[in-house]
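Right, one structure below, let's go through it.
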Amino acid sequence: MFSNLSLGALGFSLDHPTAVDLAARHGFGGLDPDLGHLQRLGSPSAVEEFAAGVRERGLQWGIAGLPVDLYAPVTDFVTAVAGLADAVAPLTAAGVTRIGTWLRPMHDDLDYRHNWRLHVSRLQLVADVLAGAGLRLGLEYIGPKTFWSTERFPFLHSLGEARELIADTGARNIGLILDSYHWYTAGEDADDLAGLTDAEIVSVDTNDARDDRTRDEQQDLDRRLPYDTGVIDLDGFAAALRSAGYTGPVKVEPFMKSLAAQPVDDVLDDVSARLGRFVG
């Protein structure tokens, strides 16, 4: 596995060439691709040239964001899927192989069974298009009880449920986005990760949790940097990933507004060191 930079996940809004420069300067192994930037380059040859420059800096690609809203009204969803192949073509030209989204863990109208069927059918359509573009789709389950309990019908919010949903789609290019924060808030431990393989894991996020809240009090958008509090067993999490033979990106996504108020170089020095400890 390699340390991966996502400036957006740290609260910074900088252009993609600057992100590439910062990732190389601060010793990251890779960075998330900016689909919008790649699209604006205008031609496959321009994208390929940009991607070659990224590789020359010693950087790998992390994970792009899926440009389809799984929860859009049906007509909007169908339109988005119809345009998906063209939308992700720059990712293919750049050599990106990973794209991801998160799974909403509740619904006000659909009960668990009907929501499950909706997810399976929509994910099958999306995954089929992405397979043609050489892309693996990562799905992130959301663990905090303070989030999934806010609507009438809770939906999947654990690793086991996410793996079962993926299996139900029958798509061979769907895997997991694992986040230590969701793993912790879902009440899981290293044993729950046993048996996972590199082929099942698309991307990884690592964070810590506040030490003044119980597990069930943790808020999805109020996390801490890795190793800040020791609430989450990051050593056990990392060891399980190594046992799985995981070779992909690991990034930090703490949702801490205070980071963007600090000098970006100071933040990235700190984050890079923390990720270096995690990936070993």
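The table below gives the values:
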{"read-out": "Filter result for the condition that a residue is in contact (Cβ under 8 Å) with a residue 60 or more places away in the chain, surrounded by fewer than 20 Cβ atoms within 10 Å (Cβ to Cβ) and within 23 Å of G175 (Cβ to Cβ), over W102, W116", "value": "W102"}
{"read-out": "Within segment 28-45, considering residues that are without any contact (Cβ under 8 Å) to a residue 24 or more places away in the chain and among the small types (G, A, S), the one nearest to G58 (Cα to Cα)", "value": "S45"}
{"read-out": "Single residue of D235, D212 found to be farther than 26 Å from N115 by Cβ, free of Cβ contacts under 8 Å to residues at least 12 places away in the same chain and not in a loop (DSSP other than H, G, I, E, B)", "value": "D235"}
{"read-out": "One residue from T229, T206 being closer than 30 Å to S13 by Cβ, polar (S, T, N, Q) and surrounded by 19 or more Cβ atoms within 10 Å (Cβ to Cβ)", "value": "T206"}
{"read-out": "Matching helices (runs of 4 or more DSSP H) fully within segment 82-194 where at least 3 residues are more than 29 Å from D216 (Cβ to Cβ), at pLDDT 95 or above and within 20 Å of the chain's Cα centre (by Cα)", "value": "84-94, 112-132"}
{"read-out": "Residues within segment 224-253 that are under 28 Å from A199 (Cβ atoms) and either of a type outside the set (D, E) or touching a Leu at 6+ places or on another chain (Cβ under 6 Å) (or both), tallied", "value": "20"}
{"read-out": "Candidates A199, A240, filtered to the one that is within 19 Å of the chain's Cα centre (by Cα) and either over 19 Å from G276 (Cα atoms) or part of a strand (DSSP E or B) (or both)", "value": "A199"}
{"read-out": "Filtered residues of segment 1-42 (kept if among the acidic types (D, E), over 28 Å from T197 (Cβ atoms) and either in contact with a strand residue (DSSP E or B) (Cβ under 8 Å, 6 or more places away or on another chain) or crowded, with 18+ Cβ neighbours inside 10 Å (or both))", "value": "D34"}
{"read-out": "So G83, is it in contact with a Pro (Cβ under 9 Å, 6 or more places away or on another chain) and surrounded by fewer than 20 Cβ atoms within 10 Å (Cβ to Cβ)", "value": "yes"}
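The values are calculated or read from the model by the stated rules, or taken from the named source; none is laboratory data. What you are looking at is a predicted structure, and each value in this text was computed from that prediction instead of being measured. As a convention, Cβ positions derive from the backbone with ideal geometry for all residues, glycine included, and neighbour counts pool all protein chains shown.
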